[in-house]
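Visitor: Please find one structure pasted underneath; my questions will follow.
Every number here is computed from the coordinates shown, using simple stated rules; none is lab data. Because the structure is a prediction, the values reported are computed rather than measured. All Cβ positions, even for glycine, are placed from backbone atoms using ideal geometry, and neighbour counts span all protein chains on display.
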């Protein structure tokens, strides 16, 4: 339980820090980079190495690549939909989250089957 | 030109900071729980989960709307275009995020963990900035 609380506090702090950087940096297109900063990874990887070792963390990092490809696809589609249809931002970003899940898990499953 | 605009911190309400903190903390806990239940291979996917992207993008829209409302204008469309620009930036950041993960994957089993994490973070910063600069230059030449 205490590990979960530590994860929560560190995760919240690191993610908030990157979000703050995104707030104060200009131009907006540059600040947008921080929307895809490795905040969750940085918050969690140290704890993972301490508890489960470097090999375990490396296995997580390998899958993170497919998660990043999913994030790229998701962010690109969000960008296109917002620019093309000018829909509500929160609604669009939440409704399109399955694109991240579909791409990430699809790639992970496909690579797991082919190896 | 990249610059810091400290005054934009005042535009964010305390409750919005709390929401980000809770989202970030929850996503970190979720990544840990998924890894514990289904193994590191599945849990790793959540290290690249768009944790605060939806709330960040909607904040940009609402700040842009407020700014326009002060001038007596409806900033809804402009806010959504600004959020779209933010998403384009995030897409570039994702390419750097994949490189960050690649460095961790290849480096952690062999080298010192602190050095690998520092190198991967530096690589993310450099690659994201270079990609942004290249794209900006291309757009500039296209418009010129």
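Visitor: Residue A:109 label point, 7 Å along Cα→Cβ, cut-off 15 Å on backbone N: hits in the range B:23-66?
Guide: B:42
Visitor: Give the Kirkwood hydrodynamic radius (Å, one decimal) of the range A:1-52, defined as one over the mean of 1/r across all pairs of different Cα atoms.
Guide: 11.8
Visitor: Let me ask you something else. Taking 10 °C and 1.306 mPa s as the conditions, I'd like the Stokes-Einstein D for chain B in µm²/s, using the Kirkwood hydrodynamic radius from alpha carbon pairs.
Guide: Answer, rounded: 89 µm²/s.
Visitor: Here is a further query. For a protection proxy built on the mean count of beta-carbon atoms within 10 angstrom, sort B:71-82, A:48-59 highest first, please.
Guide: A:48-59, B:71-82
Visitor: Could you tell me the convex hull volume per residue, in Å³, taken over the Cα atoms of the protein assembly as shown?
Guide: It comes to 135 Å³ per residue, whole-number rounded.
Visitor: What percent do you get for the relative contact order of the range A:53-115 when only Cα pairs under 8 Å and 6+ apart count?
Guide: Reported as a whole number, the value is 44 percent.
Visitor: Using only Cα atoms and rounding to the nearest 10 degrees, what angle (0 to 90) does helix B:113-143 make with the longest principal axis of chain B?
Guide: Rounded to the nearest ten degrees, it is 40.
Visitor: Per residue of A:5-11, how many C-beta atoms from partner chains lie within 10 Å of its own C-beta, taken as a mean?
Guide: 6
Visitor: For residue B:106 and residue B:36, FRET efficiency with R0 = 25 Å and r from the beta-carbon atoms, rounded to 0.05?
Guide: 0.55
Visitor: Pairing the Cα long axis of helix B:14-38 with the longest principal axis of chain B, what angle in degrees results, from 0 to 90 and rounded to the nearest 10?
Guide: 30
Visitor: What is the angle, in °, between the Cα long axis of helix B:53-70 and the longest principal axis of the Cα atoms in chain B? Nearest 10 is fine, range 0 to 90.
Guide: For B:53-70 against chain B, the angle is about 10 degrees.
Visitor: Considering every residue in B:129-140, what mean count of other chain Cβ atoms within 10 Å of its Cβ is obtained?
Guide: Going residue by residue through B:129-140 and averaging, the value is 1.
Visitor: Starting from the Cα of residue B:140, step 7 Å along the direction of its Cβ; do the same at residue A:9; then give the gap between the two resulting points in nm.
Guide: Calculated label separation equals 4.6 nm.
Visitor: If you don't mind, there's one more thing I want to ask. Using Cα pairs under 8 angstrom and six or more residues apart, how large is the relative contact order of the range A:1-52, in percent?
Guide: That works out to 41 percent.
Visitor: Report, largest value first, the span of the C-alpha coordinates of chain A along each principal axis, in whole Å.
Guide: For chain A, the Cα extents along the three principal axes come out at 46, 41, 25 Å.
Visitor: Which whole-number percentage describes the relative contact order of the range B:38-87, with Cα contacts under 8 Å and a sequence gap of 6 or more?
Guide: After rounding, I find 32 percent.
Visitor: Measure out, as a whole number of angstrom, how far apart the alpha-carbon centroids of the range B:103-144 and the range A:8-58 sit.
Guide: Comparing the Cα centres of the range B:103-144 and the range A:8-58, I get a distance of 14 Å.
Visitor: I need the P(r) histogram for the range A:53-115: all alpha carbon pairs, bin width 10 Å from 0 out to the longest distance, whole percents.
Guide: Here the calculated profile for the range A:53-115 is 21, 40, 24, 12, 2.
Visitor: Mind checking B:110-118 for the average number of partner chain beta-carbons within 10 Å of each residue's beta-carbon?
Guide: Neighbouring Cβ atoms belonging to other protein chains average 3 per residue here.
Visitor: For the residues B:110, B:12, A:103, what sequence is obtained by ranking on other C-beta atoms within 10 Å, fewest first?
Guide: Listing B:110, B:12, A:103 from fewest to most nearby Cβ atoms yields B:110, B:12, A:103.
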